[in-house]
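What follows is calculated from the coordinates using simple rules that are stated; it is not laboratory data. Here the structure is a predicted model, which means the values were calculated and not measured. Don't worry about glycine lacking a Cβ; one is built from the backbone with ideal geometry, like all the others, and counts go over all protein chains shown.
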Amino acid sequence: MAFWKRGKWYWADFTVNGTRYRVPLKDRGKRIPALSQDHPHYLETQEKAIRAEERAIQKAERGELTLAAVSSPVLDSAKQVNGTSRRTAPSLRRRAGARSASW
């Protein structure tokens with residue numbers, strides 16, 4: 001269970017029932033900005049991040065936090081690969097069918 005600054009935002013990394021979650025921390029639907037330590041609202045955002053992490057863990061325990069809700073570059077690239085492979089699969093089948101018909 002940990003939260004950290006990633007870019008301009010806080011993220012959480014925790015495991016519930018053997019499933020690892022990495023999610024952006026949000027307060028009232030908005031991401032919590034990671035401020036520098038000399039910023040006047042630094043402690044306030046730290047407290048918000050802690051509460052948001054606790055809420056995210058509770059959601060995961062109740063089963064309300066799913067992988068579909070989590071956006072990551074790895075999942076996005078997997079969707080692109082699957083999308084293109086689905087588009088190219090019919091053309092490969094046509095080629096395979098044409099070869100088998102000519103034999």
(request) Might you report the magnitude of the Cβ-based charge dipole of the range 1-67 about its Cα centre, with Lys and Arg at +1 and Asp and Glu at -1, to the nearest 20 debye? (result) 300
(request) Could you list which residues have their amide H under 5 Å from that of L65, counting only those 5 or more apart in sequence or on another chain, with H placed in the peptide plane? (result) A60
(request) Report the full-extension gain for the segment R62 to R31: residue separation times 0.36 nm, less the Cα-Cα distance, to one decimal in nm. (result) 9.0 nm
(request) Starting from the Cα of R51, step 7 Å along the direction of its Cβ; do the same at R22; then give the gap between the two resulting points in nm. (result) 2.7
